[in-house]
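Values in this text are rule-based calculations from the coordinates and carry no lab data. Because the structure is predicted, anything quoted here is derived from the model rather than measured. Cβ placement follows ideal geometry from the backbone for every residue including glycine, while neighbour counts extend to all protein chains displayed.
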Amino acid sequence: MRNSKAVYTAAAAAIALLSACSSDASRGPSSALPGYAALPDAAVEFAYEANEGSTNVSGYKIESDGALTPVKGSPFAAGSSPSGVAVDPTGKFAIASNAGSSNASAFTIDASSGALAQVKGSPFGAGSAPSGVAVDSAGKFAYVANVGVSSSSNVSAFSIGSSGALTPVKGSPFAAGTSAQYVAASGKFVYVPNAGSDNVSAYKIASNGALTPVKGSPFAAGSEPFGVAVDPTAKFAYVSNFGSSSVSAYTVNATSGALTPVKGSPFAAGTQACSVIVDPNGKFIYVPNDGSANVSAYAIKSNGALTPVKGSPFAAGSGACYGAVDPSDKFVYVGNSGAGSISGYQIGNNGALTPLKGSPFPAGATPAVIATCGVTSGKCIPSPL
């Protein structure tokens, strides 16, 4: 379980679900980030979980009722202490950041079975203690936040080849604040919360994938900012503050990428707010709270402000840290690093969470990030989140 000291030394445990952008008649069509097209409902969905306490990544099939069933061949070998995983927008590749071996494993995804196979040359070198990983909306570049030691925190940038191989971008790694934790790539911009310097680094993505600091960056956050997410319209950004148990909300300048605090921000969360999950419709956000073993749920107002959902917070397992909403916008999954399990929930029309039958589901050692994808037109397509 993470505490105020562990934030500075351990890579982020997380769950980030990536799946097909689909529609739910009861809640309206999904929105998509720039560069993503809305996709039809996926017939099959898969989830991939980075097991931070081991050297592998688990694969699951997401059943129609939201239950998780292990994929044949799972778990799949990765590097030491994988703490993050992401699926590229084409759904061909998955990338896991390995905190213990300072590299990133790249895999091809079998759209039929959901099995993972490492690409030639994997793993690829990253910085010290790589934590979060994100892929840009065009699927051309991957970004890995390296926790490092003190001021050595930075962001490794890679171009993604046709085979899934990762090649460092010229100028990589790019400087970040102290104890860079997670990372979000949204349209033309990348955002990285820095737990040690209580701020968020913002970058503009160049045509070659290089990162240039946004004017005014870094932007102030709460105490020990840990997780970050951008809503599907790319209008708002949210950062979980582990130390101050709150969520900072910002409006995003569409031209410059600069962040401006939303009125009323920061918003209260549970103890040790660990990450932020935005649903594909941009109506709700969910924040797993490591210290209180629950999930705070909020409705997003038109100005980006947050209002607690009735019944929030919702019980989770020990060490609830990262999670994600599936692309069909029906289910939320939260990894419980202390309990070695994944809590699954059904999303109600008002954003409230109801535990799925069979939840919590067995996970690998210290479950970290989960990324999902949905099969459509013979490809495993991730969500824009």
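Odds and ends about this structure:
- FRET E, pair K72, T255, Förster distance 35 Å, beta-carbon r, rounded to 0.05: 0.15
- For the stretch 218-331: rounded, prolate or oblate by the Cα gyration tensor [a/c cutoff 1.5]: oblate
- Taking only Cα atoms of the stretch 6-382, radius of gyration then Dmax in Å: 17.9, 49
- The residues neighbouring S186, those whose beta-carbon lies less than 12 Å from its own, together hold a net charge of +1 under the Lys/Arg +1, Asp/Glu -1 convention.
- Straight-line reach from K61: taking Cα to Cα under 14 Å and skipping same-chain neighbours fewer than 8 places apart, the aspartates and glutamates in range are E45, E49, D110, D326.
- Checking the Cα-Cα distances for K235/K283; K188/K235; K301/K330 against a 18 Å cut-off, the pairs over it are K301/K330.
- log10 of Debye I(q)/I(0), alpha-carbon scatterers only, for the stretch 110-246 at 0.10, 0.16 Å⁻¹: -0.32, -0.79
- Annotation: extensible slack from K215 through S318 equals 33.1 nm (criterion: 0.36 nm per residue apart, minus Cα-Cα distance).
- From least to most packed, judged by other beta carbons within 10 angstrom and beginning with the fewest, V200, V332 follow the order V200, V332.
- Rg/Rg_globular for the stretch 251-312, with Rg_globular taken as 2.2 N^0.38 Å and Rg from C-alpha atoms: 1.18
- For the peptides 236-242, 216-222, residues were scored by their other Cβ atoms within 10 Å and the scores averaged per peptide; the highest-first order is 236-242, 216-222.
- Normalised radius of gyration (Cα atoms, divided by 2.2 N^0.38 Å) for the stretch 205-272: 1.17.
- Mean separation of Cα contacts under 8 Å (6+ apart) over length of the stretch 6-382, as relative contact order %: 20 percent
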